[in-house]
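Report on the following structure.
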Amino acid sequence: MNVEKAGMEDVDALVGMRLSYLTEDNGSLSDQDAAAIKRDLPGYFKAHLNKDLFAYVVRDGQAIVSCAFLLVVEKPMSPAFINGRTGTVLNVYTCPSHRRKGYAKAIMEALLNEAREAEIQVIELKSTEDGYPLYRSVGFVDDTSKYHLMKRKAQ
């Protein structure tokens with residue numbers, strides 16, 4: 001198994017993997033949402049891939065069968081990340097027919113090694129129950145904080 005960074009030639013496959021992930025994670029996507037993602041996500045990847053978004057993949061032949069994204073953000077410094085560089089792991093996904101082969105763990109280990117080399121000081125993710133043991137096995141811990149995680153949709 002070989003973990004590698006995706007390149008511009010992989011944009012269409014990454015869009016497909018993102019759609020598969022979102023469909024599985026949400027139960028379904030509306031036709032309108034799926035069409036918007038197919039239309040707009042290639043442009044996002046072309047603008048951000050290997051700049052502040054890194055996609056790590058495993059292939060079966062030429063086909064991407066497992067992936068994870070690392071979004072790197074530079075924030076104002078704090079004691080938690082003194083250089084301001086933080087990362088968020090997104091879209092950890094393996095095609096159903098390729099699961100339970102260690103692909104996601106290999107991808108996470110490669111992603112974390114490169115993040116360490118890039119001096120990314122804090123890496124966050126949201127975990128499903130299924131993914132929780134994997135993330136614990138590569139060093140993630142539950143975030144306990146005096147702050148409440150909150151969000152608001154823009155109107």
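Quick look at the values:
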read-out: Every pair of residues 6+ apart whose Cβ atoms lie under 8 Å, when the first sits in the range 1-30 and is within 22 Å of GLN62 (Cα to Cα) while the second is among the basic types (Lys, Arg) and not in a helix (DSSP H, G or I); value: MET1/LYS101; ASN2/ARG59; GLU4/ARG59
read-out: Residue in the range 67-74 that is over 22 Å from GLU4 (Cα atoms) and either out of contact with any Leu (no Cβ under 8 Å at 6 or more places or on another chain) or part of a loop (DSSP other than H, G, I, E, B) (or both) present; value: yes
read-out: Selection from the range 23-53 of residues that are surrounded by 13 or more Cβ atoms within 10 Å (Cβ to Cβ) and in contact with a helix residue (DSSP H, G or I) (Cβ under 7 Å, 6 or more places away or on another chain); value: LEU29, ALA34, ILE37, LYS38, LEU41, PRO42, PHE45, LEU49
read-out: Cβ pairs under 9 Å, 6+ apart, first in the range 119-134 and more than 12 Å from MET108 (Cβ to Cβ), second outside any loop (DSSP other than H, G, I, E, B) and at pLDDT below 95; value: ILE120/PHE81; ILE120/GLU114; GLN121/PHE81; VAL122/PHE81; THR128/ASP25
read-out: Residue check for VAL57: surrounded by 12 or more Cβ atoms within 10 Å (Cβ to Cβ) and either part of a loop (DSSP other than H, G, I, E, B) or free of Cβ contacts under 8 Å to residues at least 60 places away in the same chain (or both); value: yes
read-out: Within the range 79-126, tally of residues that are more than 20 Å from ALA6 (Cα to Cα), polar (S, T, N, Q) and not in a strand (DSSP E or B); value: 3
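The values are calculated or read from the model by the stated rules, or taken from the named source; none is laboratory data. As the structure is a prediction and not an experimental result, all values here were calculated from the model. Here Cβ is always computed from backbone atoms with ideal geometry, including for glycine, and neighbour counts include all displayed protein chains.
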